[in-house]
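Notes follow once the structure below has been shown.
The values are calculated or read from the model by the stated rules, or taken from the named source; none is laboratory data. For clarity, every value in this text was computed on a predicted model and none was experimentally measured. Heads up, the Cβs are rebuilt from the backbone with ideal geometry, glycines too, and the neighbour counts pull from every protein chain shown.
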Amino acid sequence: MKRYSAALLAVLAGLTLACGYSSKSTTPAVAGTMPAIAELAPNAMNSGGAAFVLTVNGSDFSSNATLNWNGTAQTTTYVSASQLTATIAAADIETPATVPVTVTNPAIAGMGAYGSGGTQAETSAPMNFTVN
């Protein structure tokens, strides 16, 4: 009986492997749409000032794009594919600095077999904001 059970187990394992359950084939994510920043409005503020709304004009912003202030994602309002806004806190402009601003279009999950496909997140080149 033990030999029969061992043989049956070996046959079942072989069939499982032959059916392709041992490896999942996936298609890697492709490059997403690269956002581009053309203008920051305003592009400078005085240090120690109050919170303000930063408008980023550019192109290829997705509806769930994120404006990044000095590498930190901000609560972002999508206006159009060419404009985003975010409120920058007074604490973020307390001292003089040059602050990089970027926009990130998030990754889109794949809908293929095993979640394959989709797009990668893409982040724009930085544009500098000046805190005087």
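Only one entry of A91, A81, A65 meets the criterion of being under 23 Å from N132 (Cα atoms) and out of contact with any His (no Cβ under 8 Å at 6 or more places or on another chain), and that entry is A91. Being touching a Leu at 6+ places or on another chain (Cβ under 6 Å) and not polar (S, T, N, Q) is the requirement here; does F61 meet it? Yes, satisfied.
With the requirement that a residue be within 12 Å of A44 (Cα to Cα) and either touching a Lys or Arg at 6+ places or on another chain (Cβ under 6 Å) or surrounded by fewer than 14 Cβ atoms within 10 Å (Cβ to Cβ) (or both), what does segment 82-99 give you? Those that are within 12 Å of A44 (Cα to Cα) and either touching a Lys or Arg at 6+ places or on another chain (Cβ under 6 Å) or surrounded by fewer than 14 Cβ atoms within 10 Å (Cβ to Cβ) (or both): P96, T98.
Evaluating S62 against the criteria (1) without any contact (Cβ under 8 Å) to a residue 40 or more places away in the chain; (2) in a loop (DSSP other than H, G, I, E, B) leaves one unmet condition, (1). Checking the stated criteria, T98 turns out to be more than 18 Å from the chain's Cα centre (by Cα) and not in a loop (DSSP other than H, G, I, E, B). Yes or no: segment 56-71 includes at least one residue that is exposed (fewer than 11 other Cβ atoms within 10 Å of the Cβ) and modelled with pLDDT under 65. There is no residue in segment 56-71 that is exposed (fewer than 11 other Cβ atoms within 10 Å of the Cβ) and modelled with pLDDT under 65. Taking the stated definitions as given, is L84 in a strand (DSSP E or B), closer than 21 Å to I108 by Cα and modelled with pLDDT of 80 or more? Yes.
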